[in-house]
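The structure under discussion appears below in the form of structure tokens.
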Amino acid sequence: MNILLFIFLFFTTFSSSSTLISRQEALGGFKPCVGTFPNEITTYGLTPNPIIIGQMGTVHIAGKATVPIENGALYNTTLFHENQVIHQHGHEFCQMFVIPNGSTCPINGDYDFTINFPTESSTNDPVNISVESDARIHIINPDGNILSCIEGKITFQYP
């Protein structure tokens, strides 16, 4: 009986660990935020990684919209350093992801979008340094309902 219990616990431990690792890989190191959100982001990736300031970047986002993502919804990125907000920026989700991929809002069900974006530099940027920030990504409908949330780290390379 002890052997059967050991075998059960052994396989249960590794199967749940593998699922967690696969989930984090699909989210590019990000993870779902603590809390309950109706829509799941299943894939998230930024390339290049780290993001090189002054060059083009690519973001890939996929998920399942059980609550429709409406026209006017925001894709909101918040960057933190030592738990203090250092940058916050919102883009209209449909304008940024949906329309460039040949679709229209509202989005229901499965979605999968990839876009290219410029990473603009300024004369105030540091030189020859990498900066890592904590990041939180929300998709928020116009009524303020937070549909999705993931968080993780983003690294910026300043050449």
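Bear in mind that the values in this text are calculations on the coordinates, not laboratory data. These figures come from a predicted structure and were not determined experimentally. Don't worry about glycine lacking a Cβ; one is built from the backbone with ideal geometry, like all the others, and counts go over all protein chains shown.
Which parts of segment 103-122 would a label at His60 reach, counting a residue when its backbone N lies under 13 Å from a point 7 Å out along Cα-to-Cβ?
112-116
If you bin the C-alpha pair distances of segment 2-158 every 10 Å from 0, what whole percents do you get?
10, 35, 31, 15, 6, 2, 0
Counting alpha carbon pairs within less than 8 Å and at least 6 residues apart, what relative contact order, in whole percent, applies to segment 2-158? Don't skip to the end; give the middle numbers.
On the way: 310 pairs, mean separation 43.3, N = 157.
For segment 2-158, the relative contact order is 28 percent.
Could you give the length gained on full extension between Asn101 and Ala26, defined as 0.36 nm per residue of separation minus the Cα-Cα distance, in nm?
On the way: separation 75, 0.36 × 75 = 27.00 nm, distance 2.04 nm.
Stretched out fully, the Asn101 to Ala26 stretch lengthens by 25.0 nm.
7 Å from Cα along Cα→Cβ at both Asn128 and Thr36: what's the point-to-point distance in nm?
Result: 5.3 nm between the two label points.
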